[in-house]
Amino acid sequence: MVNFLIRLFIPDSQKINDPVVRGRYGILAGGMGILLNLCLFCSKFFAGFFTGSIAITADAFNNLSDAGSSVVTLAGFKMASMPADREHPFGHGRLEYLSGLAISAAILLVGLELGKSSVEKIIHPEAVRMGILPMVILICSILVKLWMAYFNRSLGKRISSSAMMATAADSLTDAAATSAVLVGMAVGHLSGRLIDGYIGLLVAAFILYSGFTTARDSLSPLLGQAPDKEFVASIQQAAMAHPEILGIHDLIVHDYGPGRRIISFHAEVPSNRDILETHDVIDHLEMELRERFQCDVTVHMDPIVIDNAVINALRSQVTKVVKGIDPHLTIHDFRMVDGPTHANLIFDVMAPYQFRMSDSELIETVQQKIKALDPRYFAVVQIDKE
């Protein structure tokens, strides 16, 4: 069913990094969400009115907020597909993340309001009327929400959309909340206990949790989250496939929205090679990464001395010293400037975030250990983060 809808409404559906194609995915997800959630709201509102259940009515308004969220999703994807302009040279892709954040805010607001109504129902309980039609409506609603969760998750995974994954999580939470309402009605009817308000409060808790998690997932790319390990590994693998490149470091990925990433890194190359030939290798690597990952790429050349036995032996010694401090530490950009009274050993140390030492403590420790190798050596150290 999902693949049929994609083929029907989205031409060139495989071009997931194309903003226009992503916009069509958003329109499909938003349109389907608006249609189904409005139908669920109308049916549940009727069921809540018929039974006098605050839990069912709360669930109905939750679906109405979901319809509004689908409108936000649709608008967000539409605006995110707008091309770059003078004021926004990197495009408008982050609007997709903002739409996910707006959905989260709406979910949280609904959860708070429903929690308030449920507490009032706990204080002033009323009997709930049972009926076959309301039960059927709730069962159908659960099935519809489970399908919507599957539908949005499938689209979200296909195009790596946090907004769609947020909508999928919300749909799954809705299905669980409606299940709680259904079970609560049955238990209340069989036991005679007035637990409708408590079930409504449970539904509100489900909604608030969903809003919190979707807000967290939408905020993370806006704040500048680390790239996926698989993505970093793919870049490293593509770069190291060129025998002229000895290693890469200082990789930075700027995310301006899905399909709008900017990559930069340093590539270590032999210093004894012809600079024009090396530059040609770097140019080809940039074009290869640009075509493969649909992003802008800048690669900086770092020439490394590889034909000097003294420097090679000293690099190995320094590497051993640094790893003696912590096995997770690595070095790069090693070079030596020798003088009549001392020799500067210049290199960068790559340290994990939240390393047990501060940067200044690590630099001082490295300098002391390098000085212990030979009093003539002075370490000029720059700390980089993984």
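Scanning the range 344-373 for residues that are of a type in the set (Gly, Ala, Ser) and crowded, with 17+ Cβ neighbours inside 10 Å yields a single hit, 351.
Evaluate the range 311-329: report whether one residue or more is under 32 Å from the mean Cα position of the chain (by Cα) and among the hydrophobic types (A, V, I, L, M, F, W, C). Yes.
Can you tell which of 33, 48, 23 is modelled with pLDDT under 80 and of a type outside the set (Val, Ile, Thr)? Show your work before the answer.
Numbers: 33 fails: modelled with pLDDT under 80; 48 fails: modelled with pLDDT under 80.
So the residue among 33, 48, 23 that is modelled with pLDDT under 80 and of a type outside the set (Val, Ile, Thr) is 23.
Of the numbered criteria (1) in a loop (DSSP other than H, G, I, E, B); (2) closer than 30 Å to residue 158 by Cα, the one residue 298 fails is (1). Which members of the range 187-205 meet the condition of being among the small types (Gly, Ala, Ser) and touching a residue at least 40 places away in the same chain (Cβ under 8 Å)? Across the range 187-205, the qualifying residues are 188, 197, 200, 204, 205. When 40, 8, 28, 35 are screened for being part of a helix (DSSP H, G or I), closer than 29 Å to residue 291 by Cβ and in the same structural domain as residue 133 (by TED's automatic domain parsing), only 28 passes. Do the conditions hold for residue 173, that is, is it of a type outside the set (Lys, Arg), touching a Leu at 6+ places or on another chain (Cβ under 7 Å), assigned by TED's automatic domain parsing to the domain that holds residue 148 and within 30 Å of residue 99 (Cα to Cα)? When the stated conditions are applied, residue 173 does not pass them.
Any residue in the range 89-99 that is outside any helix (DSSP H, G or I) and surrounded by fewer than 16 Cβ atoms within 10 Å (Cβ to Cβ)? Steps first, answer last, please.
As a first pass, look at the range 89-99 and keep what is outside any helix (DSSP H, G or I): 89-94.
With surrounded by fewer than 16 Cβ atoms within 10 Å (Cβ to Cβ) added as a condition, the list becomes 89-90.
Checked the range 89-99: at least one residue is outside any helix (DSSP H, G or I) and surrounded by fewer than 16 Cβ atoms within 10 Å (Cβ to Cβ).
Just so you know, in the range 301-323 the residues that are of a type outside the set (Val, Ile, Thr) and more than 21 Å from residue 376 (Cα to Cα) include one that is modelled with the lowest pLDDT, and it is 307.
In the range 323-340, the residue that is surrounded by the most Cβ atoms within 10 Å (Cβ to Cβ) out of those that are closer than 19 Å to residue 301 by Cα and in contact (Cβ under 8 Å) with a residue 40 or more places away in the chain is 332. Going residue by residue through the range 4-14, is there one that turns out to be within 23 Å of residue 212 (Cβ to Cβ), under 26 Å from the mean Cα position of the chain (by Cα), buried (at least 16 other Cβ atoms within 10 Å of the Cβ) and not hydroxyl-bearing (Ser, Thr, Tyr)? Scanning the range 4-14 turns up no residue that is within 23 Å of residue 212 (Cβ to Cβ), under 26 Å from the mean Cα position of the chain (by Cα), buried (at least 16 other Cβ atoms within 10 Å of the Cβ) and not hydroxyl-bearing (Ser, Thr, Tyr).
Of all residues in the range 24-59, those satisfying the criterion of being among the charged types (D, E, K, R) and either surrounded by 24 or more Cβ atoms within 10 Å (Cβ to Cβ) or over 35 Å from the mean Cα position of the chain (by Cα) (or both) are 44, 59. Of (1) part of a loop (DSSP other than H, G, I, E, B); (2) under 30 Å from residue 19 (Cα atoms), residue 273 satisfies all except one. Which? Condition (2) is where residue 273 drops out.
The values are calculated or read from the model by the stated rules, or taken from the named source; none is laboratory data. Remember, predicted model here, so these are calculated numbers, not experimental data. Neighbour counts are summed over all protein chains in view; Cβ atoms, including those assigned to glycine, are modelled from backbone coordinates with ideal geometry.
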